[in-house]
């Protein structure tokens, strides 16, 4: 766990306009001073992230949310009381003094207060707890999010030439997938809108505010991690229903393809290049998911086959991440099977 001296040094780096990677309970973030457009630009450059794709601003527990957002609805206060610190991001109308660089040029802003003790210590040390740290996940854009400091080093290195000046180690992230994102910037017209599912479910939200959020609409603000293709390893990913998976593996073996398998309920498969058994419960599965994708990406396989999880509500965030990870691999199985028969 990062020492306080390292955390204080990281806060000074942020204040001088540098990038710092730090742990949160969801994934590791790549942080910059949210009020410094030049520092925010370094995030986009380091990640290769499109400049119109917003980042989330992380706040200390005692931070004044009114400094960052305007037109704060009562629903926001109720959700903050219930879930902050924790893995919930709220989209609100951005205060005019806050640079639009954090919002990809939009008039909204994503805010959250992380619960990880290292993240909280960093936020309290940075600008005496009154600043905000803009921080998307600490990985190259579209790649699998990091849940350990080692993952961040694998992405950016940690030498003098790295864009990331400091990596704070806080162990493996507990939640393992990114925060739930709820849009409250149009609440007077549409009510709360779920932009990205996560550990905090729509049902959890409804228990606090008395209504389920609606699904994202075409006019919803752009938000982190909501592109069709995201969270993807370099090796193609294919989701398979459990009952079809053994036949698919057999056909791929016949086609001469090397398979890396991520299974949940199926027994050990003797005929694959690499495999991992993930937990059967959603919280454990989410905790292990990104580390498993990264491990399978290093197996030298032609593709990663994932035993599809259940479609129950408690698996919504996990299925969202897997669907986006597999998006660019749509149709690849038929290509493999066709090429093997010609």
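General observations
- Within the chain, helix-based [θ] at 222 nm, where runs of 4 or more DSSP H residues each add -39,500 (n - 2.57), nearest 500: -9000 deg cm²/dmol
- Here region 167-205 is scanned for amide nitrogen atoms under 11 Å from the site 7 Å beyond the Cα of residue 78 along Cα-to-Cβ, giving 192, 205.
- Counting only DSSP beta bridges with both residues in the chain, the antiparallel share comes to about 40 percent.
- Peptides 256-263, 228-235 ranked from most to least packed, by the mean per-residue count of other Cβ atoms within 10 Å: 256-263, 228-235.
- Across the chain, the relative contact order, built from alpha-carbon pairs under 8 Å that are at least six residues apart, equals 19 percent.
- With each label modelled as a point 7 angstrom along the Cα→C-beta vector, the residue 269-residue 228 pair spans 2.6 nm.
- Helix 37-47 and the longest principal axis of the Cα set of the chain meet at an angle near 10°.
- Packing order of peptides 216-222, 175-181, highest average first: 175-181, 216-222 (average count of other Cβ atoms within 10 Å over each peptide's residues).
- Residue order, fewest to most surrounding Cβ atoms within 10 angstrom, among 188, 8: 188, 8
- Candidates 304, 40, 248, ranked by Gaussian network fluctuation over the chain, Cα under 10 Å, top entry: 248
No value in this document is a laboratory result; all are computed from the given coordinates. Quick caveat, the model's predicted, so the values are computed rather than measured. In this analysis, Cβ positions are derived from the backbone assuming ideal geometry, glycine residues included, and neighbour counts consider all displayed protein chains.
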